[in-house]
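Visitor: Structure provided below as structure tokens; questions to follow.
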Amino acid sequence: MKKLTKTYIPMTETAFYILLSLTRPRHGYGIIKHVDSITNGRIRLGSGTVYGTLMKMQRDGIITMFADEKRKKLYEITEVGRCLIREEFARIKELHANALAYEEEFDD
């Protein structure tokens, strides 16, 4: 797990939003649409980026892939993936707290 933490933390926005999208199993296009929706269009993931990241995450045991009844590939977060995203949540919360604490010092 320590090696994965070093590899994935801090997470790229792509990795973060892919894992955030996996609160339930989704196929690649569903992930793309979900990320577009929750970021109000700020992040528009390309299919090549998503599928490349999904393949790497699957190889690292962060997600699993299975086929649904229509033979579409669905992706699901594993317990390892849940641990990683919780670590990233903690890191982001620290960043946010520090940003709030020091924000006024950068006002003109």
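Every number here is computed from the coordinates shown, using simple stated rules; none is lab data. Computed from a prediction, not measured in an experiment: that's the story for all the values here. Cβ sites come from the backbone with ideal geometry, for glycine too, and all protein chains shown count toward neighbours.
Visitor: When Asp36 is evaluated against the numbered criteria (1) within 23 Å of Ile92 (Cα to Cα); (2) in contact with a helix residue (DSSP H, G or I) (Cβ under 9 Å, 6 or more places away or on another chain); (3) surrounded by 15 or more Cβ atoms within 10 Å (Cβ to Cβ), which criterion, by number, is the only one it fails?
Guide: (2)
Visitor: For region 49-108, which positions are without any contact (Cβ under 8 Å) to a residue 60 or more places away in the chain, of a type in the set (D, E, K, R) and either in contact with a His (Cβ under 6 Å, 6 or more places away or on another chain) or surrounded by 12 or more Cβ atoms within 10 Å (Cβ to Cβ) (or both)?
Guide: Hits for region 49-108 are Lys56, Asp60, Lys72, Lys73, Glu76, Arg82.
Visitor: Now for a different question. For region 39-48, name all the residues that are surrounded by 11 or more Cβ atoms within 10 Å (Cβ to Cβ) and within 15 Å of Thr12 (Cβ to Cβ).
Guide: Answer for region 39-48, where residues must be surrounded by 11 or more Cβ atoms within 10 Å (Cβ to Cβ) and within 15 Å of Thr12 (Cβ to Cβ): Thr39, Ile43, Leu45.
Visitor: Out of all the residues in region 13-42, which are assigned to a loop (DSSP other than H, G, I, E, B) and aliphatic (A, V, I, L, M)?
Guide: Leu22
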